[in-house]
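Trainee: Take this structure, written in structure tokens, and hold onto it; I'll ask about it next.
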Amino acid sequence: MSAAFVLRSAVSAAAILALAGCGSATVGGGGSSARAKWVGSVVRTPDGGQLRTTIYYGPWQCSAAFLSRCESKCAAQGYPLMGCMWLADIKGDWQGRYLFMPAEAGGRLAITHCCCDYPTVSNGRQLREKWKNAREGFRRQWGSEFGEWPSTNGANWQGHHIFDLAHGGPPVAPDNVLPVPQDVHQVFNDEYPACYAPGGKWLTPGPARPYVD
């Protein structure tokens, strides 16, 4: 299964930004700059506040903690872990009011994929057709929560399936599609086979903080 994300544009009564999903909370830190970065427009949240989403793109090798979590996840499904890819970090910054006073909150979510030794599926073409038929509506829905779907020179960014379709990932699940620039998407596609192959770098732990803002 993918380490996917669901960001909801809502803030709790305690003014804590809701960042929920199968990813893990992270803090930006050391390392080099991210391969790419997207800063979304400000969107209104149901509580009357404002939310801005920023996405930092890898891929990076998973930290030891992420690898351990993936190993347990794969074992629970009856598969060995072949590798783990830390695809991106999603950062949310909220501004609004709490108890009638100005307030700010934020958080980050790591988007990782556990490359369990899944068999490939025979209906990959049908899954891709399902995504192709649904992607315009998917982009509109995504944009209503996080700001307009990213594009470069008028060309929409690719929708990357975190749990890949070749191994049976859900094609239109809201928590399984991440907008990715074309050059980064190519890197992802090149590295996924290596993540599923035995003995590769994606089974070696990386730093807990692989990039700087």
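The values are calculated or read from the model by the stated rules, or taken from the named source; none is laboratory data. Note that this is a predicted model, so its numbers are computed, not measured. Methodologically, a virtual Cβ is constructed for each residue, glycine included, from the backbone with ideal geometry; neighbour enumeration extends over all protein chains shown.
Trainee: List every residue pair whose Cβ atoms lie under 9 Å apart, where the two residues are 6 or more positions apart in sequence or sit on different chains, the first residue falls within the range 61-86 and is under 21 Å from Val187 (Cα atoms) and hydroxyl-bearing (Ser, Thr, Tyr), and the second residue, located anywhere, is surrounded by fewer than 19 Cβ atoms within 10 Å (Cβ to Cβ) and modelled with pLDDT of 95 or more.
Mentor: Sorted first by the residue in the range 61-86, then by its partner, the pairs are Ser63/Pro205.
Trainee: Also, I was wondering about something else. Looking only at the range 47-98, count how many residues are over 22 Å from Cys114 (Cβ atoms) and β-branched (Val, Ile, Thr).
Mentor: So the count comes out to 2.
Conditions tested, residue by residue: (1) of a type in the set (Gly, Ala, Ser); (2) assigned to a loop (DSSP other than H, G, I, E, B).
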{"residue": "Lys130", "(1), (2)": "no, no"}
{"residue": "Gly137", "(1), (2)": "yes, no"}
{"residue": "Glu148", "(1), (2)": "no, yes"}
{"residue": "Val172", "(1), (2)": "no, yes"}
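Trainee: Step by step: first the residues of the range 14-64, then only those that are of a type in the set (Ser, Thr, Tyr) and assigned to a strand (DSSP E or B), then the one that is modelled with the lowest pLDDT. Which residue is that? Working first, answer last.
Mentor: Initially, the range 14-64 is screened for residues of a type in the set (Ser, Thr, Tyr), giving 24, 26, 32-33, 41, 45, 53-54, 56-57, 63.
Subset that is assigned to a strand (DSSP E or B): 24, 32-33, 53-54, 56-57, 63.
Numbers: Ser24: 45, Ser32: 80, Ser33: 85, Thr53: 89, Thr54: 93, Tyr56: 96, Tyr57: 96, Ser63: 96.
In this case the residue turns out to be Ser24.
Trainee: Sticking with this structure for a sec: When only residues in the range 179-213 that are assigned to a strand (DSSP E or B) and β-branched (Val, Ile, Thr) count, which is modelled with the highest pLDDT?
Mentor: The first filter runs over the range 179-213 and keeps only residues assigned to a strand (DSSP E or B), leaving 179-180, 206, 211-212.
Right, trim to β-branched (Val, Ile, Thr) and you get 180, 212.
On the way: Val180: 97, Val212: 89.
Checking each candidate, the answer is Val180.
Trainee: Another question, if that's okay. What is the residue count in the range 107-130 for residues that are more than 23 Å from Arg52 (Cβ to Cβ), crowded, with 18+ Cβ neighbours inside 10 Å and either free of Cβ contacts under 8 Å to residues at least 24 places away in the same chain or of a type outside the set (Ser, Thr, Tyr) (or both)?
Mentor: 5
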